[in-house]
1. Please find, within the stretch 408-424, the residue that is least open to solvent (accessible area, probe 1.4 Å) out of those that are of a type in the set (A, V, I, L, M) and not in a strand (DSSP E or B).
2. Show the residue pairs meeting these rules: Cβ distance below 9 Å; 6+ apart or different chains; first residue within the stretch 1-30 and without any contact (Cβ under 8 Å) to a residue 12 or more places away in the chain and open to solvent by 30 Å² or more (accessible area, probe 1.4 Å); second residue in a helix (DSSP H, G or I) and among the charged types (D, E, K, R).
3. Under 6 Å between Cβ atoms, at least 6 apart or on separate chains: pull out the pairs that start in the stretch 353-365 with a residue that is open to solvent by less than 10 Å² (accessible area, probe 1.4 Å) and end on any residue that is part of a helix (DSSP H, G or I) and modelled with pLDDT under 95.
4. Go through the stretch 272-305 and give me each residue that's within 22 Å of I339 (Cβ to Cβ) and of a type in the set (S, T, N, Q).
5. Does the stretch 338-356 include one or more residues that are of a type outside the set (K, R) and within 21 Å of E134 (Cα to Cα)?
6. Residues K288, K320, K297: which one is touching a residue at least 12 places away in the same chain (Cβ under 8 Å), over 24 Å from the mean Cα position of the chain (by Cα) and farther than 22 Å from G226 by Cβ?
7. Would you check which residues across the stretch 133-175 are closer than 14 Å to Q204 by Cβ, part of a helix (DSSP H, G or I) and either open to solvent by less than 20 Å² (accessible area, probe 1.4 Å) or in contact with a Ser or Thr (Cβ under 7 Å, 6 or more places away or on another chain) (or both) and list them?
8. Please verify whether R266 is over 18 Å from the mean Cα position of the chain (by Cα) and not hydroxyl-bearing (S, T, Y), treating the condition exactly as stated.
Amino acid sequence: MTPAARLQAAVEILAALGATAQPADAYLRDWFRVRRYAGSKDRAAVAERVYDGLRHRASFGWRMHGSAARSLVLASLIAEHQTESAIAQLFSGEGYGPAPLTDDERRAIASSPSGEAPLHVRGEYPEWLGAELERAFGPDLLAEMQAMNARASIDLRVNTLRAERDTMLVGLRSLDVKAERTPYSPTGIRVASAEGLGLLQHTQFFQTGAFEFQDEASQLAAYLCGAKPGNSALDLAAGAGGKALALAAIMGNRGDILAFDNDAKRLKQLGPRARRAGATIIRAASKKGGPEWGNGKFDVVLVDAPCSGSGTWRRNPELKWRLTPARLKDLTELQAWLIDDGARHTRQGGRLIYATCSLLPCENEDIVDSFLNRNRQFRIAAAADVWQQVGLGAAPADTGAYFRASPRRTATDGFFACIMKRLE
């Protein structure tokens, strides 16, 4: 592909991502699958340009007075200090390149906006979320959002049913993977982005269940459940089963874990993953109700609720621009229902854990506060105390009643967890 053709590909993909709910990485994979002429360098260049446009949509749109796909690509070239004449040569309409520049585009390229950009532009987040993000971060908002806009590392969770972390570190380094211990999770390994990542899924280590891909914050949430060998646990919104697998390892594969999710397609992935991991105590439920559910029988109930995904904006920057006030309202209503549902499955003296990969208080603290007002038999168990009880070592400095994570605070995805105990 020529440089101009790569730009046109980025324009087409960015436009398509604005009209689909498909994740950007999956869309890119499918787009290139039917375009075999694109080599590995072409794919890398186009993907980088697309993600650049998604990460910087607010500032690129501000610079070009519009956030159409062509505007985002043009602004990315300006950010690279390309001259107007060089940009015009790339946007010439020749071959497979983009159509020639319009008069409006030429004017926008020639003159940048005056004055300082608004906070939401500098922070690269939707303007309508400003008040909610200020609730979350206060005066640290801009620094938090800038950290959220950086590229994410890749975290692995060593499956202690199959391997030990030190052994896994030696094995990965023997493959020239730049792997290091995560600072908080005792089973976590961090791999710098783009450092040997392509081969990880094809290694014997992964194929035999020695590790799973899981962000450190998510690993920590599993530890904070306080599950012990012999416990019964319910993963009520299990998805593809990542936390159920982590709980099985923490419990030493002794006890019982029931996993359920409304999305049967996602939950179907759990069976093969559990077999690969050697986690034999997990049962996937295709529907709710029946003897295996009981009523208030579980020692541990984890509600890892569907959410905005705002904590994953480093990895999935398209999510911030797809979120709408209506969608957020629907999510908070679902979260309130799920936490109530989790409560009725929690035995007396048991723990109910509410978690999200969200930064937004309306999905986190507000849901917990409202729940506690409705359910007087539950009390918060401070995350700082539970952290010590489960042997995690030194907690992040601001850990108190809740566990809150973010790229700036913990070098992880954004995450929230609240541990509650049901009174006996």
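1. Among residues in the stretch 408-424 that are of a type in the set (A, V, I, L, M) and not in a strand (DSSP E or B), the one least open to solvent (accessible area, probe 1.4 Å) is A411.
2. Final answer for the pair search is Q22/D30.
3. So the pair list comes out empty.
4. Within the stretch 272-305, just N295 meets the criteria.
5. yes
6. The match here is K288.
7. Residues satisfying the conditions are M168, G171, L172.
8. Here the answer is no, as R266 does not meet what is asked.
The values are calculated or read from the model by the stated rules, or taken from the named source; none is laboratory data. Because the structure is a prediction, the values reported are computed rather than measured. FYI the Cβ positions are ideal-geometry reconstructions off the backbone, even for glycines, and counts take in every protein chain you see. Keep in mind that these areas ignore ligands, DNA and RNA; they rest on the heavy atoms of the full protein, side chains included. Shrake-Rupley method; radii C 1.70, N 1.55, O 1.52, S 1.80 Å.
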